[in-house]
């Protein structure tokens, strides 16, 4: 699919109006639109950038598409905007589709473009709820050609999936390579009604593959996305009937965190897409690892005093980082910010003193001496995982 990078077209937005054609504006009344989304302002390319958060579970390809347009600055929003309606988003995307229409295409290409535009307009309303996307297992950019994909073509936004079989598994590859998901399911159903051993065996192999890859992401799929995407490229990623904004940075993949539950968590912006097992990591807007909130618990009897002290100090550092990053001049006074930082500092100091005492008691009882305990900063550790699929 064509890459959206390099476009200079933008749609300027204002807080209370929606752009339409002919440079006119229409005043929006959010009360008439039951679907309103909160805007989260994140650090992006050394600037503040808006992203739209999702207020309920569901596919909603509209948000993934719109966030790509926002981060690529093809659509801009006023810096004072905090909420936006689905009607406004649809207006922005629709306006951009018409403004991007080329005027000097040769006849065959023009007819093809007009057909794509017609298909995109026909399914445009479905973007708010979900569109039919049928994965094909031969490549990460392969989908069944449907009218729904015309929206991505018109907007020049790549669409990826990571559901590919391991090329070393010859049997599975031979059965799935020319199939879409729907075709593979049909093949499984047909095999259960057949007496042909070849058909039955093929159905069993297909069923085992779908069961083993129920997460719809494989290590080979992640590797192929890394090989296919350009560095610093934005795209939409499809997985488990959900659409996410995807970004590649320095040979690593990240998906945008859009759950509204993280609206005020300004240090949680991206999630790594490197593990098939689900043990991913959150990062901030600068792609630095962000530890999640961890409740302070009583000492673990299975840990040594040194390990327990290190664990709880990392928790304190996490809380301190969250406190310092969540304060914003636009929402919190400087006095409140200083109060939070002071409380976090005292918490870390109290934990330090508590486990110093525990370590001293353990040393005394065991007749040992602790010369030095090295405390690691969780942000400075290199992320490692046996289940991660990264090209080095």
Discussion item. So for the stretch 170-212, averaging the separation of alpha carbon pairs under 8 Å that are six or more residues apart and normalising by length, what relative contact order in percent results?
Written reply: 43 percent
Worksheet item: Under a plain spin-label model, where a point goes 7 Å from the Cα along Cα-to-Cβ, how far apart in nm are residue 231 and residue 101?
Response: 3.9 nm
Worksheet item: Fully extended, how many nm does the chain gain between residue 113 and residue 145 (0.36 nm per residue separation, minus their Cα-Cα distance)?
Response: 10.0 nm
Worksheet item: Along the Cα-to-Cβ line of residue 241, 7 Å from the Cα, sits a label point; which residues in the stretch 132-150 have backbone N less than 17 Å from it?
Response: 132-135
Fill in: Net length gained if the chain between residue 289 and residue 38 were fully extended (0.36 nm per residue, minus Cα distance)
87.9 nm
Response to the item:
Extension length gain for residue 170 and residue 123 (0.36 nm per residue less Cα distance), in nm, is 13.1 nm
Worksheet item: Just from the alpha-carbon atoms, what are the Rg and Dmax of the stretch 157-204 in angstroms?
Response: 12.7, 45
Discussion item. Bins of 10 Å, beginning at zero and ending with the bin holding the largest distance: percent of Cα pairs per bin for the stretch 167-235, please.
Written reply: 18, 45, 23, 11, 3, 0
Worksheet item: Among 107-114, 275-282, how do they line up from the highest to the lowest mean number of other beta-carbon atoms within 10 Å?
Response: 275-282, 107-114
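Where a number appears in this text, it was derived from the coordinates with a stated rule and is not lab data. Because the structure is a prediction, the values reported are computed rather than measured. A quick note on method: Cβ atoms are made from the backbone with ideal geometry, for glycine too, and the neighbour counts reach across all protein chains shown.
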